[in-house]
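The values are calculated or read from the model by the stated rules, or taken from the named source; none is laboratory data. Keep in mind it's a predicted model, so treat the numbers as computed, not measured. Every residue, glycine among them, receives a Cβ derived from its backbone with ideal geometry; neighbour counts consider all protein chains shown.
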Amino acid sequence: MKVISITPRGFCYGVVDAMEMVKRVATDPKTPRPIYILGQLVHNHFMVERLNQYGVTSLENTASRLDLLDRVNEGTVIFTAHGVSPQVKEKARAKGLNCVDTTCPDVDKTHVLIRKLVSAGYEILYIGRKGHPEPEGAIGEAPDHVHLIQDAEDLDRVQLSQTDKVAVTTQTTLSRWDTEELVERIRQRYPSVEVHTEICQATQLRQEAAVRQSVEADVVFIVGDTHSSNSNRLVDVVRNQAGKKAVFLIDGVADIRPEMLDGATVAAVTAGSSTPSDITREVIRFLQSYEPTASSNPSV
């Protein structure tokens with residue numbers, strides 16, 4: 001089968017930096033033990049499993065970062081690439097924990113922007129995904145003045161204390177197209193709104209490449225974790241912007257079923273920015289060697 005290996009894809013610099021920082025901390029004998037990560041460093045279970053091999057425990061996202069800290073009483077706590085609220089940092093310091101912050105610089109930039117806007121008297125509409133840790137940390141900078149907007153219904157429900165100074169900012173891993181549509185709705189409601197689109201460059205480049213390079217494909221595979229926001233947005237943009245119906249979010253080779261490839265002669269492959277490259281390469285190799293008569297139980 002012909003395979004289009006979409007580029008750029010996979011790890012962004014924020015993920016690479018976070019991974020290297022955690023590895024350095026975990027292999028340093030001076031680091032206070034045990035070592036915990038508040039949530040998943042990045043949303044990919046393969047990466048969580050690999051970090052476990054370094055003796056690092058990832059506390060699952062069943063609660064807020066603030067609540068997760070109740071499970072850590074000693075040692076080192078690592079803040080994930082998604083960022084955390086000031087309250088989390090203060091609580092960790094108050095507990096005497098060794099703190100390691102792997103927040104992506106692009107996320108940190110949004111936190112700085114929120115503080116600046118709020119200090120200037122703005123109410124902020126933050127476009128993001130409910131339940132995702134990045135909005136949790138960003139909104140925590142000023143909970144009374146930052147309002148989470150995921151869709152038009154949220155916008156209709158929001159009540160601002162004043163409307164002459166309104167600003168928009170965004171989660172870094174959203175779809176550019178969906179965000180633009182929601183921003184336009186906000187402009188119609190608040191004509192003088194100040195817009196700061198904070199979708200990171202790596203996310204935009206991967207989305208645009210996926211749309212542009214998947215044109216000739218009969219089927220498109222996005223390699224990524226189902227909990228990964230940027231991976232799910234890649235699925236959205238390929239379906240909605242490239243007009244592809246056969247688009248599949250897969251964890252790896254084991255998720256590929258023969259019926260996904262029925263009638264296909266060209267497959268395109270890309271990956272979320274938290275997906276290990278070796279997992280994606282394995283998918284590409286399998287598809288390159290795939291024959292319609294191959295076993296219905298894919299393996300490399």
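With respect to D106, is the statement that it is without any contact (Cβ under 8 Å) to a residue 12 or more places away in the chain, within 25 Å of the chain's Cα centre (by Cα) and surrounded by 13 or more Cβ atoms within 10 Å (Cβ to Cβ) true? It is false that D106 is without any contact (Cβ under 8 Å) to a residue 12 or more places away in the chain, within 25 Å of the chain's Cα centre (by Cα) and surrounded by 13 or more Cβ atoms within 10 Å (Cβ to Cβ). When K89 is tested against (1) modelled with pLDDT of 95 or more; (2) of a type outside the set (A, V, I, L, M, F, W, C); (3) part of a loop (DSSP other than H, G, I, E, B); (4) crowded, with 16+ Cβ neighbours inside 10 Å, just one condition goes unmet, and that condition is (3).
Only one entry of G96, G83 meets the criterion of being at pLDDT 95 or above, surrounded by fewer than 17 Cβ atoms within 10 Å (Cβ to Cβ) and in a loop (DSSP other than H, G, I, E, B), and that entry is G96.
Out of P135, P143, P191, report the one residue that is in contact with a Gly (Cβ under 7 Å, 6 or more places away or on another chain) and either closer than 29 Å to A210 by Cα or not hydroxyl-bearing (S, T, Y) (or both). Testing whether each residue is in contact with a Gly (Cβ under 7 Å, 6 or more places away or on another chain) and either closer than 29 Å to A210 by Cα or not hydroxyl-bearing (S, T, Y) (or both) leaves just P135.
Applying a threshold of 6 Å to beta carbon distances and a minimum spacing of six or more residues, or different chains, the list of pairs starting in segment 115-138 at a residue that is under 21 Å from V88 (Cβ atoms) and ending at one that is among the charged types (D, E, K, R) reads R115/E141. Checked against the criteria, T62 does not count as closer than 20 Å to A26 by Cα and not charged (D, E, K, R).
Condition check ((1) under 25 Å from N44 (Cα atoms); (2) in contact with a Pro (Cβ under 6 Å, 6 or more places away or on another chain); (3) surrounded by 16 or more Cβ atoms within 10 Å (Cβ to Cβ); (4) without any contact (Cβ under 8 Å) to a residue 40 or more places away in the chain) across all residues:
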{"position": "V219", "(1), (2), (3), (4)": "yes, no, yes, no"}
{"position": "G243", "(1), (2), (3), (4)": "no, no, no, yes"}
{"position": "L249", "(1), (2), (3), (4)": "yes, no, yes, yes"}
{"position": "A271", "(1), (2), (3), (4)": "yes, no, yes, no"}
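For segment 147-173, name all the residues that are crowded, with 17+ Cβ neighbours inside 10 Å and at pLDDT 95 or above. Once the filter is applied, which keeps residues that are crowded, with 17+ Cβ neighbours inside 10 Å and at pLDDT 95 or above, segment 147-173 yields H147, L148, I149, Q150, L155, V166, A167, V168, T169, T170, Q171, T172. Here is a check on your reading of the model: is A138 crowded, with 19+ Cβ neighbours inside 10 Å, within 18 Å of the chain's Cα centre (by Cα), of a type outside the set (D, E, K, R) and at pLDDT 95 or above? So A138 fits the description; yes.
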